[in-house]
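Trainee: One structure is given below, represented as structure tokens, and several questions about it will come after.
The values are calculated or read from the model by the stated rules, or taken from the named source; none is laboratory data. These figures come from a predicted structure and were not determined experimentally. Quick reminder, even Gly has a Cβ in these numbers, built from the backbone with ideal geometry, and neighbours come from all protein chains shown.
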Amino acid sequence: MGWRLLTQDKSPALVARGRLRDVCDYHRHRYQQGVPEGVHDLPPGVALPLESNLVFMNGVSFTKGCYVGQELTARTHHTGVIRKRLFPVQLLGPLPEGGITPGTTVLTESGQAVGKFRAGQGDVGLALLHSEKIKGPLHIRTTESGRVALTASVPDWWPTATK
């Protein structure tokens, strides 16, 4: 997933082959890799840890004591069935002036809902989608440009069993 170093030193020589980038580059890379961060990507009361792939990043413990949502998380983990996941998406075509609104429904070509756009920057973002329906053509309806096509991908860093 890469590295992020916060420093007051302006020199990229701190890390071999390091390059200075701005925060927009960081978020773009993060979205392309399917890594959620903060309340925009993981809205409180809406985002579930397993659907958000937090177990892949060691963000969920199945041995720790009590935490909010533990019973649902443990039950879902042990059944082995996670129908929806947070996928990185690439938006294709002209985008509306203000981008895609978080919570916008993602549709199949026939108009069936397959999930919701969660967050993004420019032509990349994250969407919570039904795993079995990401292969076909997907799109989002917008008021300005009518329709924006999108493709979902499975990141290379995900465990092989989930791909």
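Trainee: Pairs under 7 Å by beta carbon, first residue without any contact (Cβ under 8 Å) to a residue 24 or more places away in the chain in the stretch 114-136, partner outside any strand (DSSP E or B), six or more apart or different chains?
Mentor: Filtered contacts from the stretch 114-136: 116/103; 116/104.
Trainee: Kindly provide the set of residues from the stretch 105-133 that are out of contact with any Lys or Arg (no Cβ under 8 Å at 6 or more places or on another chain) and buried (at least 21 other Cβ atoms within 10 Å of the Cβ), ordered by number.
Mentor: 117, 118, 119, 120, listed by residue number.
Trainee: Out of all the residues in the stretch 35-49, is one or more modelled with pLDDT of 80 or more, crowded, with 16+ Cβ neighbours inside 10 Å and more than 16 Å from residue 127 (Cβ to Cβ)?
Mentor: Yes.
Trainee: Let me ask something else about it. Is it the case that some residue within the stretch 83-93 is at pLDDT below 70 and either crowded, with 17+ Cβ neighbours inside 10 Å or over 18 Å from residue 140 (Cα atoms) (or both)?
Mentor: Within the stretch 83-93, none of the residues are at pLDDT below 70 and either crowded, with 17+ Cβ neighbours inside 10 Å or over 18 Å from residue 140 (Cα atoms) (or both).
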